[in-house]
Amino acid sequence: MEYKITIPGNPIAKGRPRVGKYSTYTPKKTADFESYVEYCWAAEYGNQLNLTFDEIDDIIAQGKEMGVYTYIYTGGEPLVRKRDLIALCNKHSDCVFLSFTNATLIDETFVKEMLRVKNFIPAISVEGNRESHDARRGEGSFDRVVHAMNLLKENRLPFGISCCYTSENLSVISSDEFYDQMIEWGASFIWNFH
């Protein structure tokens, strides 16, 4: 299989890719998702755009040839393919994999796999406090996300938070209280999206 990879931030200079040690490529791992999220961009594309394991593996191999060792998975929900994610982490142990996730599929078994491979980092979607999060992602979702973050923190695994700010939650996710809460949860970083 051959893929032509264009990597943002790595312009072509005299026909050769200019690649630094912090280059990143973002393959869209899956269009599958196990829950509906209001206003989610991925839902616009349906669930017929999944890459196979071999296609993703080939993209990573090509990226490594260009000096890319960090990969970010988006979705739908990438963790619907946990086995593939862990297999890619195993096969490419010299890479780091970050995945945006709603965290509902992070359980004790997956945490053990993360501990074993040591190169998978989730960015967990949190839309603010319980009220604003559950309003967007469904009742009970906030508790499942907090449970996943507790599992990760208890096992000293790095993770971050991904927030999509809207007019409904901006005051919550930009508050000092929310930043204090993220620190208490154990998050190492935050991605803010609009």
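The values are calculated or read from the model by the stated rules, or taken from the named source; none is laboratory data. Predicted model, so just to flag it, every value in this text is computed and none were measured. For neighbour counting, all protein chains shown are included, and Cβ atoms are generated from backbone atoms with ideal geometry for every residue, glycine included. Just the protein is used for accessible areas: all its heavy atoms, side chains included, with ligands, DNA and RNA removed. Shrake-Rupley method; radii C 1.70, N 1.55, O 1.52, S 1.80 Å.
Apply 1/(1 + (r/R0)^6) to the Cβ-Cβ distance of residue 115 and residue 143, taking R0 = 25 Å, and write down the FRET efficiency to the nearest 0.05.
Values: r = 24 Å, r/R0 = 0.94.
Efficiency for this residue pair is about 0.60.
Counting only protein heavy atoms and using a 1.4 Å probe, the accessible area of residue 92 comes to about 10 Å². By accessible area, using a 1.4 Å probe on protein heavy atoms only, segment 104-194 has 51% of its surface on carbon and sulfur.
Compute the Cα gyration tensor for segment 75-115, then decide on rounded, prolate or oblate, letting a ≥ b ≥ c be the square roots of its eigenvalues: rounded whenever a/c is under 1.5, prolate when a/b is larger than b/c in the other cases, and oblate in all that remain. Oblate, since a/c reaches 1.5 and b/c is not below a/b.
Multiplying the residue separation of residue 189 and residue 54 by 0.36 nm and subtracting their alpha-carbon distance yields 45.5 nm. Surface exposure of segment 85-171, expressed per residue as accessible area with a 1.4 Å probe, stands at 45 Å². Once backbone amide H atoms are built at 1.01 Å from N, residue 162 has 124, 125, 126, 191 as its partners under 5 Å, excluding neighbours fewer than 5 places away on the same chain. Both radii come from the Cα set of segment 58-190: Rg as radius of gyration, Rh as Kirkwood radius; their ratio Rg/Rh reads 0.99. Shown here for segment 94-190: GluC sites (Glu not before Pro) in loop regions (DSSP other than H, G, I, E, B) with at most 14 other Cβ atoms within 10 Å, namely 139, 168.
Rounded to two decimal places and with Rh computed the Kirkwood way over Cα pairs, what is Rg over Rh for segment 112-194? Present the calculation step by step, with values, prior to reporting the outcome.
Values: Rg = 12.8 Å, Rh = 13.1 Å.
Taking Rh as the inverse mean 1/r over Cα pairs, Rg/Rh reads 0.98.
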